[in-house]
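Chemist: Sharing a structure, written as structure tokens. Questions coming.
Nothing in this text is a laboratory measurement; each read-out follows from the coordinates by a stated rule. For clarity, every value in this text was computed on a predicted model and none was experimentally measured. Glycine gets a Cβ as well: all are built from the backbone with ideal geometry, and neighbour counts include every protein chain shown.
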Amino acid sequence: MVRCPSCGQSDTRVVDSRDMDDSATIRRRRECNGCSMRFTTYERVEAARLTVVKRGGGREEFDRDKLAAGFRKALTRRPVDPGAAEKAADGIEAVLRGEGVNEVPSRRIGELSMERLRELDQIAYIRFASVYQSFEDIEQLKREVDTLFAERSDSAPGQTLLPLDLPLPPGATHRRGAAVPARPGRRR
């Protein structure tokens, strides 16, 4: 029931109805049968609430913007479409709502996020995974990177990966496993 903003009467009629650009919103022109004032209302479908069940048992409402912010952080300075974070968050929200449940474990959102990032950009995936999976040491991180390398070589037959031990440029030396270029005018 819609009330007239001028006289407060609930007896109104719809004069015109149109879908907006996103087709999730309907614009209606209405006229009050009491005072004849015309006014506009916008109607939008409200989706069912989606609750995230955290690891510790706590619950909070699903926040698409929080998810998109996490994607943006992982994709910072990566060569991907500027809207990739928003699209990924939209895609994950659609998957979750499509499952038809009201409560989703945070683990499920993390898994979907990692899958999406793995498809988008492998560096962003490693960034996200290093935080999400709380790698205990460099060995766990190395295993994850090795898995990515193995998948990449499997998906691109005939493509060879360069060894990680590349020859040093002239004048460079090793220091704790990293190549350090020689500085002009300094002796080592």
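Chemist: Give me the number: length gained by fully extending ARG152 to ARG78, i.e. 0.36 nm times residue separation minus the C-alpha to C-alpha distance, one decimal in nm.
Modeler: Residue separation times 0.36 nm, minus the Cα-Cα distance, leaves 24.8 nm.
Chemist: At 7 Å along the Cα-to-beta-carbon direction for both LYS66 and SER10, put a label point, then send me their distance in nm to one decimal.
Modeler: 3.7
Chemist: Under 5 Å between amide hydrogens, which residues at least 5 positions from THR51 or on another chain qualify, with H placed 1.01 Å from N in the peptide plane?
Modeler: Here the answer is PHE62, GLU103, VAL104, since their amide H atoms fall under 5 Å of that of THR51.
Chemist: Turning to a different aspect of this structure: Could you name the lysines whose alpha carbon sits less than 20 Å from that of LYS87, not counting residues in the same chain fewer than 8 places away?
Modeler: LYS66, LYS73
Chemist: Moving to a separate point now. Which three extents, in whole angstrom, do the alpha-carbon atoms of segment 1-96 cover along their principal axes, largest first?
Modeler: Dimensions of segment 1-96 along the principal axes of its Cα atoms: 57, 37, 21 Å.
Chemist: Sort 112-122, 57-67 by packing, meaning the average of other beta carbons within 10 Å per residue, with the highest value first.
Modeler: The packing order, highest mean first, is 112-122, 57-67.
Chemist: In addition: Residue by residue through segment 35-42, what is 3J(HN,Hα) from phi via Karplus (6.51 cos²θ - 1.76 cosθ + 1.60, θ = phi - 60°)? Round to whole Hz and write x for glycine and proline.
Modeler: 10, 6, 6, 9, 8, 10, 10, 10
Chemist: Roughly speaking, what is the stretch gain from THR41 to GLU144, that is 0.36 nm per residue apart minus the C-alpha to C-alpha distance, in nm to one decimal?
Modeler: 31.8 nm
Chemist: Have a look at GLY91, ALA129, SER36 and report the one farthest towards the positive end of the charge dipole of segment 25-131, computed about the Cα centre with Cβ charges (Lys/Arg +1, Asp/Glu -1).
Modeler: Farthest towards the positive end: SER36.
Chemist: Show me, for segment 86-102, the HN-Hα J-couplings you get by feeding each phi into the Karplus relation (A = 6.51, B = -1.76, C = 1.60, θ = phi - 60°), rounded to Hz, glycine and proline as x.
Modeler: Values, residue by residue: 5, 5, 5, 5, 4, x, 5, 4, 5, 4, 5, 5, x, 6, x, 10, 8 Hz.
Chemist: Round to the nearest 0.05 the FRET efficiency obtained for ARG29 and ARG108 when R0 = 35 Å and r is the Cβ-Cβ distance.
Modeler: 0.20
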